[in-house]
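Participant: This is the structure I have questions about; it appears just below.
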Amino acid sequence: MPDNSPRIPAMIDADAFAVQTSAILSSIGQVIDGKPDAVRSALVCLLAEGHLLIEDVPGVGKTMLARALAASVDATVRRIQFTPDLLPGDVTGVSVYNPVDREFEFKRGAIFAHIVIADEINRSSPKTQSALLEAMEEGQVTVDGATHPLPKPFLVVATQNPLEMEGTYALPEAQRDRFMMRISMGYPDAAAEALMLRQRDVVNPLAAVSPVANAASISQLIAWARSVHVAPALEEYAVALAQATRSDPNLHLGASPRATLQLVRSAKVWAALDGRDFVIPDDITALLIPVLAHRLLPARGAHRAGAQPVEAALTQIVERVRVPVATRT
C-alpha cells in the first residue's frame, strides 16, 4: 500500500504538526461521516499516549472508527475479537516448548502492535480483560517472569456494548482507569445515514483509505504535543477539578491522580490541534467528561429519572470550581 503521508522534517514545527494532523483527521473522516468529535478524540488519545474506549450499541461504527484510524497510520495493527472463551495468553502471548532446542521460547500475542483494536472487550471474562492492564499502563508484557517491551507508539482502541446488553462483563475500575477517554458514537443524522446507504452499497470506504502517517511521524507529533505549555495556574485548576470529584456528595468514587495526569496530557493535544502552543481553561473543561466520567461512580441515591448522575455532577463541578484568570505583568 503506498505511503501518502506528508513529508515532515526530523524536528517538526507548528505548521508541520497542523499539516500532519489535518491529513489524519481527513483520512478518518472519509470513513466516519458526521462524527468529527469522535474522530478528534481518537487522535487526541493517540497523540497523548493514552487509550480509547468506545461504548455504544451495536452497529453505529465503533469498530469502523478504530479500523479507520489504524488504516490511516502505516504501523503494525492487530485486531482482537474478545469472546467468552478468549484466554489471557491469546492476548499477551505464551511460552512454548521447542523440542529441537530443548527450551521454551516466547510466542508473541496479538497485543504486540502499534495499534491494537480490542473489539467488544466486555464480552470476555474479567481474567482475560486484566491481561491488558500491564500493557496499557507500562507498555510491556510479563510472561513467565520475562518482560517484553511493546512497540512505540502504542494505542489500544477498545469497543464495548452497554452493560444492559446480553453476555457482557463489566470492566473493573482498575481497567477503566487505564483508558484515557470514553466516548460514544451515537446514531448518525438522517442525511449521514442516507449517504451511507448510497456509498457503502457499492464499495467499502476502508478500501480507499491509505496511510497518511507512520510510526516515526506519530512519535514526532507526540513529542511536539508534549512541548505545549501548561501554566501553573491551569495545573492547579485541573487538580482542583479532580479533588472536587473526591468530595462531591453525588459521587461514590472520585478521579484518581492518573486521571488528573491524563486530563492535562489530553488538554495539551487538544490545544495543539487548535493551533496553540499553550493550554487554556476551555481545553480542560472540554475534555472533563470524556476523560473523567468513566472512572467515577455515582453515590447511592444520585440516580434520577432521565439523568446521567456522573455527567451531571461533573457539570456542577465545572460551574463551582473557580477558573484561573490571566493577569498582566
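The values are calculated or read from the model by the stated rules, or taken from the named source; none is laboratory data. Predicted, not measured: the structure shown is a model, and the values here were computed from it. No Cβ is skipped: glycine too gets one built from the backbone with ideal geometry, and neighbour counts run over all protein chains shown. Heads up: the accessible areas ignore ligands, DNA and RNA and are worked out on the full protein's heavy atoms, side chains in. Shrake-Rupley method; radii C 1.70, N 1.55, O 1.52, S 1.80 Å.
Participant: Which whole-number percent is the relative contact order of the chain (Cα, under 8 Å, 6+ apart)?
Facilitator: Worked out over the chain, it gives 22 percent.
Participant: Want the number for ARG258 to GLU235: 0.36 nm per residue separation, take away the alpha-carbon distance, what's left?
Facilitator: Length gained, ARG258 through GLU235: 6.9 nm.
Participant: Leaving ligands, DNA and RNA out of it, rank LYS35, LYS107 by accessible area with a 1.4 Å probe, largest first.
Facilitator: Result of the area sort, largest leading: LYS107, LYS35.
Participant: Calculated FRET efficiency, ARG108 and LEU206, Cβ-Cβ r, R0 30 Å, to nearest 0.05?
Facilitator: Approximately 0.70, to the nearest 0.05.
Participant: Sticking with this one: What ranking, highest mean first, results for peptides 197-210, 20-33 when packing means the other Cβ atoms within 10 Å averaged over each residue?
Facilitator: Those peptides, ordered most packed to least, come out 20-33, 197-210.
Participant: Related question: Skipping prolines and chain starts, which residues have an amide H placed within reach, meaning under 5 Å, of the one on VAL143, given they are 5 or more residues away or on another chain?
Facilitator: Amide H neighbours of VAL143: HIS148.
Participant: Mind giving me the FRET efficiency for ARG198 and ARG176? R0 is 51 Å, r the Cβ-Cβ distance, nearest 0.05 is fine.
Facilitator: According to the calculation, E is roughly 0.85.
Participant: Please give the per residue accessible area of the chain, computed with a probe of 1.4 Å over protein heavy atoms only, in Å².
Facilitator: Counting only protein heavy atoms, the per-residue value for the chain is 49 Å².
Participant: I would also like to ask the following. Whole-Hz Karplus ³J(HN,Hα) for the stretch 262-273, in order, using 6.51 cos²θ - 1.76 cosθ + 1.60 and θ = phi - 60°, x for Gly and Pro?
Facilitator: 6, 5, 5, 4, 5, 5, 4, 5, 4, 5, 4, 5
Participant: Quick one: give the max-minus-min coordinate of the C-alpha atoms of the stretch 175-319 along each principal axis, largest first, in Å.
Facilitator: Extents along the principal axes, in whole Å: 54, 43, 27.
Participant: Assuming 0.36 nm per residue, please report the length gained on full extension of the stretch GLN30 to TYR97 beyond their Cα-Cα distance.
Facilitator: So the chain would gain 19.5 nm between GLN30 and TYR97.
Participant: Would you mind putting 93-100, 230-237, 262-269 in packing order, based on average other-beta-carbon counts within 10 Å, highest first?
Facilitator: The densest-packed peptide leads the list: 262-269, 230-237, 93-100.
Participant: In the set (1) 18.9, 61; (2) 23.1, 96; (3) 20.6, 73, which value of Rg and Dmax of the Cα atoms in Å was calculated from the structure you see?
Facilitator: (3)
Participant: Now for a different question. Rank ALA190, ASN122, PRO153 by how far each Cα sits towards the positive end of the charge dipole of the stretch 102-191 (+1 on Lys, Arg Cβ; -1 on Asp, Glu Cβ) and give me just the farthest.
Facilitator: Final value for the positive-end residue is PRO153.
Participant: Given a Förster radius of 51 Å and the C-beta distance between VAL321 and THR168 as r, what FRET efficiency does 1/(1 + (r/R0)^6) yield to the nearest 0.05?
Facilitator: Here the calculated transfer efficiency is 0.90.
Participant: Need the full-extension length gain, ARG226 to LEU297, defined as separation in residues times 0.36 nm minus the C-alpha distance. One decimal, nm.
Facilitator: Length gained, ARG226 through LEU297: 22.5 nm.
Participant: Within the accessible area of the chain, what % is carbon and sulfur when the probe is 1.4 Å and the other protein chains stay in place?
Facilitator: 54
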